Amino acid sequence: MPDLSAVKFDAAGLVPVVVQDVQTGAVLMQAYANLEALEHTLSTRQGTYFSRSRSELWVKGLTSGHVQRVVSVSLDCDGDSVLYVVEQSGPACHTGAYSCYFTPLLEAEAPAVAGGLDGVLGRVYDTIQDRLATLPEKSYVARLHAGGLDRVLKKIVEEAGEVLLAAKNRDTAELSTEVADLLFHTLFAMAEVGVTPQQVAAVLEAREGKTGLKGPKEIG
């Protein structure tokens, strides 16, 4: 067990913990840990905190299933805050959002917009997550969410069929529209379940450049 004597716990025996996603670099949440929670995190690599409202230890995800595997733990230069870098399973926020930090107080100056499909997909996913967290009136995302996951999955099946028809007819304009609809509803299902585009990208990157992968089994 590392020496924790440099950690400056406050009068209540707590230290702030900032949690960062190892894949995206995004800040997911901020909580508190006492000595026992910090020791449990270091020994188990499970994101563990101290609940000030319940006055007890809690391991992230034991109830929701959105667990955190801790990759590294660092102490800041003054010793009065801790950084957990984690592999996050599902959304980190209790609202269902990917990150707890989804309420802007000062908008960032617009950077150069990422071009291509990858940039658009990321922005669409972020918008879906925002709509799921706030459920604004008259929002298509809010209406579809109210129908449950099965309704979203049904839309994916419908849009996949439309993609097939447009491709078979070699209708480029229609195919572009139907693929866009399919991707949107696929991103919607991902957000509902708690899978991020970064997780999908990691799977694809792991396959990139490999040869000799087995294809689907032959039928018959």
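The values are calculated or read from the model by the stated rules, or taken from the named source; none is laboratory data. What you see is a predicted model; the values in this text were computed from it and never measured. As a convention, Cβ positions derive from the backbone with ideal geometry for all residues, glycine included, and neighbour counts pool all protein chains shown. Remember, those area values only see protein heavy atoms, side chains included, never the ligands or the DNA or RNA. Shrake-Rupley method; radii C 1.70, N 1.55, O 1.52, S 1.80 Å.
Taking every C-alpha pair closer than 8 Å and separated by at least 6 residues, the mean separation divided by the residue count of the chain gives a relative contact order of 15 percent. Between Pro104, Pro91, Pro136, the residue with the greatest mean-square fluctuation in the GNM of the chain (Cα pairs under 10 Å linked by springs) is Pro104.
Nearest 20 debye, what's the magnitude of the dipole of the chain about its Cα centre given +1 on Lys and Arg Cβ and -1 on Asp and Glu Cβ? Spell out each step's value before the answer.
On the way: 19 positive and 28 negative charges, 132 e Å.
Around 640 debye, computed over the chain.
Cysteines of the chain lacking any other cysteine Cβ under 4.7 Å from their own Cβ: Cys77.
In the elastic network of the chain, a GNM with C-alpha springs shorter than 10 Å, the most mobile of Gln88, Gln129, Gln198 is Gln198. Derived from the Cα gyration tensor, the three semi-axes of the equivalent ellipsoid of segment 42-89 are 19, 15, 8 Å, largest first.
If you look at the Cα atoms of segment 1-102, you get an Rg and a Dmax of 12.7, 36 Å.
Across every direction, the projection of the convex hull enclosing the Cα atoms of the chain has a mean area of 18.5 nm².
The local environment of Gly13, defined by Cβ-Cβ distances under 14 Å, has a net charge of -3 under the rule Lys, Arg +1 and Asp, Glu -1. Taking Cα atoms only, the orientation of helix 197-207 departs from the longest principal axis of the chain by about 80 degrees. Taking the Cα centre of segment 1-63 as reference, the dipole from Cβ charges on Lys and Arg (+1) and Asp and Glu (-1) amounts to some 140 debye. Accessible surface computed residue by residue for the chain, with neighbouring protein chains in place and a 1.4 Å probe, gives 64 Å² per residue. Extension gain, Val59 to Ala189, is 44.2 nm, computed as 0.36 nm per intervening residue step minus the present C-alpha separation. Highest GNM mean-square fluctuation among Leu106, Leu153, Leu165, for the chain modelled with Cα contacts below 10 Å: Leu106. You can think of it this way: the chain between Glu39 and Arg207 has 56.8 nm of extra reach, that is 0.36 nm per residue less the Cα-Cα gap.
Note on segment 132-173: with neighbouring protein chains present and a 1.4 Å probe, carbon and sulfur make up 56 percent of its accessible heavy-atom surface. With both residues required to sit in the chain, DSSP beta bridges show an antiparallel share near 80%.
Percent of accessible area on segment 1-86 owned by carbon and sulfur, 1.4 Å probe? If you can, show how the numbers build up before the last one.
Working: 2340 of 4610 Å².
Carbon plus sulfur share of accessible area: 51 percent.
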